[in-house]
Amino acid sequence: MDSNYITILISSIPSVIVGYIIANILFRINAQKKSKQIIDEAKKTSEQLKKDKILQAKEKFLELKTEHEKVINERNRKIIELENKIKDKNNRLNQKMEDINRKSKDISKKREDIETKLNAIEKKEEILNKEYQRQVSALENISGLTSKEAKKEIISVLQSEAKTEAMSIIQNTIDEAKLTANNEAKKIIIQTIQRVATEHAIENSVSVFNIESDDVKGRIIGREGRNIRTLEASTGVEIIVDDTPEAIILSCFDPVRREIARLSLHKLVSDGRIHPARIEEVVNKTEKQLEHEIIQTGKKTCIDLGIHGLHPELIRMVGRMKYRSSYGQNLLQHSRETANLCATMASELGLNPKSAKRAGLLHDIGKVPDDEPELPHAILGMKLAEKYGEKKDICNAIGAHHDEIEMNHIISPIIQVCDAISGARPGARREIVEAYIQRLKELENIALSHKGVLKSYAIQAGRELRVIVESEKISDDQAMSISQEISQKVENEMTYPGQVKVTVIRETRAVSIAK
């Protein structure tokens, strides 16, 4: 069985080999046919692509040719327009040249006429000169003097007469000037005052904050009065919440504090969130905002008065004048009024009005420094002006307007006079207010002179002094001692009506932050 199988297998091998060879030959023949077909198709495709590209190139060429022709036509059109314009200009120029030639001919003709007339005039002058010489010779023969000698004689007589008349005129002028100088000075001052619009001073130490409804009052007071106490402690303003409908009264002698309290209240009421932490945050922001407004006020004042080149620190001091009064007269209004008076008077006297106006505006800057050294405000203002680069005449005018130093420049007396005019006019100042404000400041300064005192506020028209101390440095027992020391010092050093209540506030806070 096995031998038959092997025999059959061996006999089938040649047929398998022959079949493989035939299949291989057939596969190669088919492969050659397919490759030829593929090559033919590729040739056809390339020919078609070539034709398409040639067509696209021809279309692109035609498009470019069309665009080029359009550009050339546009250029030709512009060239034709330019040629037409040039022709028009040439025609106009030719017309003008013809006009000029015609006018030049007219001028030449007129020149000839004028030369003819001049020749006639010269002939007449020769005749007159000869006649004049003849008359002079005749006069010399009659008088026995030459013309030069006669001239000298006449000149000497006229000189003596002129000297006599001049001395008489000078003496009369001096006498008249002495009589009228005082009247002229008064006239200039009156004209200066009349040309400047002024306002009367207003004594005001309270502001009214209007609210929409009385329900807001309860929110401002807060639980157990915490909100209103925090607001008073942060601003130093007494807040009076009474039966006045839809209004809260802010009382303080310092207008800066009143304004901070008013703006802070407005923000708190508008926002709706009123609690101690929020109040302190708003007050701090308002203080920074007011400082910005002070600078803007200073810049606006300088622009209104036409004063340029002031140092930024001087501009800030000018803005601070808005919140300072002098004997009840607003310091900024007083300085503006003085500046306008100075400019007007300098113009009347023929001096430089810009320098006078600049000195008039800055003459009281010594009243609004950041610190208050023991110097007269005129001297302090002069030192500040020197520090910030003002000219010598401006500095001298500031320092001399109360006669603390000698006046070395001509505008210095003008500043002094105009300062007196602004302060002495009816309704300008009220000394009662200035004394009242000075007393309240002295109260606060007495409290601030003690160690550990953070803030001090005089309220209730000076009948109460609230003192806020640092809780880390001052204990409860020390707070009591400070209260007694301050009250004793006030009693010994100050004169005041009634009594002054000294309240020392020591507050401990525990703050932690959740992250």
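The values are calculated or read from the model by the stated rules, or taken from the named source; none is laboratory data. Fair warning: this is a prediction, and the values are worked out from it, not measured in the lab. A quick note on method: Cβ atoms are made from the backbone with ideal geometry, for glycine too, and the neighbour counts reach across all protein chains shown.
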Which of the following residues is in contact with a Lys or Arg (Cβ under 6 Å, 6 or more places away or on another chain) and modelled with pLDDT under 80: 241, 206, 196? 241
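To keep it simple, each residue is scored yes or no on (1) surrounded by fewer than 22 Cβ atoms within 10 Å (Cβ to Cβ); (2) under 24 Å from residue 254 (Cα atoms).
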residue: 285; (1), (2): yes, yes
residue: 293; (1), (2): yes, yes
residue: 298; (1), (2): no, yes
residue: 304; (1), (2): yes, no
residue: 324; (1), (2): yes, yes
residue: 341; (1), (2): no, no
residue: 345; (1), (2): no, no
Go through the residues of segment 340-352 one by one and say whether even a single one is touching a Leu at 6+ places or on another chain (Cβ under 8 Å) and within 20 Å of residue 313 (Cα to Cα). no
Picked from segment 363-385 (must be under 22 Å from the mean Cα position of the chain (by Cα) and part of a helix (DSSP H, G or I)), the residue nearest to residue 401 (Cα to Cα) is 365
Residues being surrounded by fewer than 20 Cβ atoms within 10 Å (Cβ to Cβ) and on the phi > 0 side of the Ramachandran plot - total across segment 233-267: 1
Which residues, taken from segment 206-232, are crowded, with 17+ Cβ neighbours inside 10 Å and within 35 Å of the chain's Cα centre (by Cα)? 207, 209, 211, 231, 232
What number of residues within segment 417-443 satisfy the criterion of being surrounded by fewer than 20 Cβ atoms within 10 Å (Cβ to Cβ), modelled with pLDDT of 75 or more and farther than 30 Å from residue 458 by Cα? 2
Segment 448-463 - residue that is over 39 Å from the mean Cα position of the chain (by Cα) and at pLDDT 85 or above and, of those, nearest to residue 508 (Cα to Cα): 452
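Does residue 512 count as surrounded by 13 or more Cβ atoms within 10 Å (Cβ to Cβ) and of a type in the set (Gly, Ala, Ser)? Break it down into steps so the answer makes sense when it comes.
Numbers: surrounded by 13 or more Cβ atoms within 10 Å (Cβ to Cβ): no; of a type in the set (Gly, Ala, Ser): yes.
Taking the combined requirement at face value, the residue does not satisfy it.
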